[in-house]
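Report on one structure; see the data block that follows.
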Amino acid sequence: MLSWDHRPTLSTMGRERAWVEINHSHLTHNIQAIQALLAPGTDLMAVVKADAYGHGAVTIAQTALQAGATWLGVATIPEGIELREAGIQAPILLLGATNTVEQVRAIAHWQLQPTLCTEKQALIFAEVMDSATQPLPVHINVDTGMSRLGVAWQQALPLAQQIQRSPHLHLASLYSHFATADDSDLQTLHCQRDRFQQVIQTLGDHGIVPPMLHLANSAGTLVESSLHYNLVRVGLAIYGLYPAPHFRDSIALKPVLQVKARVTQVKTLPPHTGVSYGHRFVTQRETRLAVVGIGYADGVPRLLSNRMNVLLRGQFVPQIGAITMDQLMLDVTDLAEVHEGDVVTLLGHDQDASISADDWADTLGTISWEILCGFKHRLPRLSLSSPATATANPLTLS
Ligand SMILES: *Cc1c(COP(=O)(O)O)cnc(C)c1O
């Protein structure tokens, strides 16, 4: 008889339909492999913006800190608050812009560390911090060629002097960001580094020596150690993906995330039958069709319709017809056996076969960063090995 003593909850529904598996021992491996490239004393910032690139910010941050990262990088104040509310105490740099009085108050309250780019912004921060007992650590982002956020490299000095003059602000670091570090042509990268050096020199000539300097993202970290300075800000590589194929030889990274879903129905269609919205696939032969419970609302791009394979029972299987919001279809005619409840691997490995976010990105003409960030909260994140036991117990589902 069915017992109702056990109350189904969100957390017990984890692997019912579709989910993301996070391998914390791979994260630990990646962080340690990156650290092995760094000179002793060079810090590693785990960039966990955008919910840790779709992996789940809190658990990723916890494992990253345990593995040896000492800083966390986020884009927005709410992303920082989420980490603080989870009890994380490591320094958190806000990589995005913050300008309003309300934002300054939130930053001070939650002990986040802002990026400053303009004198007007520094003025607002200094005014709001006027009544605080401790000066607020702030970081100057200097634009050396990315042409995104940051004070122009020729104009960094007045901003640094303004911060230096304010008793309410403490200049904690000077940093810049690469535009082309994943390019095998290093000319632009070296130009940016030279401009960064010039800013350091100019500030030094005026008696301003920022306690920390940092320049490298994942690609910059892998290019050469002269770019590491005191800290590297690594996102993509800690998640086990390469910023570009030519970095494959420089380090062994292991993908942290896998995306899986279950077959929900199996049926046979006669030849010349249209499949899914718009009938963008029409069967040529009698076709065994498997319906899978995952769709574009979960982060499987609809543009992959008719253009992707998945793994089922260790074999590549073509996806057919338009990917819908919550479901997609597979042609499983060539598989010996398929059953409802079978696990389909969309990203990750199944026996000896694997599919990477790079495969999806290549098909779509985009980058793996965008693929990873696309996985939505409707997919529960299941930890392969809990953050606390990442190295001790790599294979238990928690
Ligand atoms: C996102 C970001 C990073 C991390 O970039 P990856 O290429 O994912 O390593 C580093 N620095 C800044 C300023 C960023 O915005």
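Cβ crowding within 10 Å, taken as a proxy for footprinting-reagent exposure, orders 138, 292 from fewest neighbours to most as 138, 292.
Coordinate range of the alpha-carbon atoms in the stretch 24-241 per principal axis, descending: 45, 42, 28 Å.
Restricting to Cα pairs below 8 Å that are 6+ residues apart, what does the relative contact order work out to for the chain? Please round to a whole percent.
18
Per-residue 3J(HN,Hα) values for the stretch 309-323, derived from phi via the Karplus relation 6.51 cos²θ - 1.76 cosθ + 1.60 with θ = phi - 60°, read 10, 10, 10, 9, 6, x, 10, 6, 10, x, 7, 10, x, 5, 6 Hz in sequence order (x marks Gly and Pro).
Kirkwood analysis of the chain, using all unique Cα-Cα pairs, places the hydrodynamic radius at 23.1 Å.
Once backbone amide H atoms are built at 1.01 Å from N, residue 321 has 281, 306 as its partners under 5 Å, excluding neighbours fewer than 5 places away on the same chain.
Take every DSSP beta bridge whose two residues both sit in the chain; close to 55 percent of them are antiparallel. Which of the chymotrypsin sites (Phe, Trp or Tyr not before Pro) found in the stretch 135-188 are loop residues per DSSP with 13 or fewer other Cβ atoms within 10 Å of their Cβ? When the chymotrypsin sites (Phe, Trp or Tyr not before Pro) of the stretch 135-188 are filtered for loop state and at most 13 Cβ neighbours within 10 Å, nothing remains.
So what is the relative contact order for the stretch 24-241, in percent, with contacts set as C-alpha pairs under 8 Å and at least six apart? Don't skip to the answer; put the middle values down first.
On the way: 405 pairs, mean separation 43.1, N = 218.
It rounds to 20 percent for the stretch 24-241.
Mean residue ellipticity at 222 nm, helices only, the chain: -7500 deg cm²/dmol; runs of at least 4 DSSP H residues each add -39,500 (n - 2.57), and the sum is divided by the number of residues.
The lysine pair tally for the chain, using Cα distances under 23 Å and a gap of 8 or more places or different chains, is 4. Pair-distance distribution P(r) for the stretch 257-397, from all Cα-Cα distances in 5 Å bins starting at 0: 2, 10, 18, 22, 20, 14, 8, 3, 2, 1, 0 percent. Listed from fewest to most Cβ neighbours within 10 Å, the set 120, 376 follows the order 120, 376.
Quick one: 325, 45, 146, fewest Cβ neighbours within 10 Å first, how do they rank? Kindly include the intermediate steps, with their values, before the conclusion.
Details: 325 11, 45 25, 146 16.
By the 10 Å Cβ count, ascending: 325, 146, 45.
Working note: Karplus 6.51/-1.76/1.60 with θ = phi - 60° gives the stretch 267-272 the couplings 8, 10, 10, x, x, 6 Hz, where Gly and Pro are set to x.
Bear in mind these aren't lab numbers, they're just calculated from the coordinates by the rules spelled out. Quantities reported herein were computed from a predicted structural model and do not represent experimental measurements. FYI the Cβ positions are ideal-geometry reconstructions off the backbone, even for glycines, and counts take in every protein chain you see.
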